[in-house]
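Since every read-out is calculated from the coordinates, none of them should be taken as a lab result. Given the structure is predicted, the values throughout are model-derived calculations rather than measurements. So basically every Cβ, Gly included, is an ideal-geometry build from the backbone, and we count neighbours across all protein chains shown.
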Amino acid sequence: MARNDPQMNLRIPVTLKEQIEDAAAENDRSLTAEVVKRLQQTFTEKNNSPLLLSAENQLQTLTEQIELLSKRVDALTTQISRKK
């Protein structure tokens, strides 16, 4: 973000501010960058159809499951090769 971007002051509950600060630290972003990213996501998600979002979530879940299964296969293959 550029220094000449418009500024906006707002009041939020202390606990929400703490959550945003924690998320910013976890994501290695500034507080401003975290807030902007999250706001942009709400507009992007709003413009996507619920069906598309559901499909993307399912694809992500399946991808994670495939990765876990692949690791299990590798571990079993290693165990079998050690027994020979």
> In this structure, does Asp22 turn out to be surrounded by fewer than 12 Cβ atoms within 10 Å (Cβ to Cβ) and at positive phi?
Replying inline: no
> Within region 1-25, restricting attention to residues that are hydrophobic (A, V, I, L, M, F, W, C) and not in a helix (DSSP H, G or I), which residue is farthest from Leu39 (Cα to Cα)?
Replying inline: Ala2
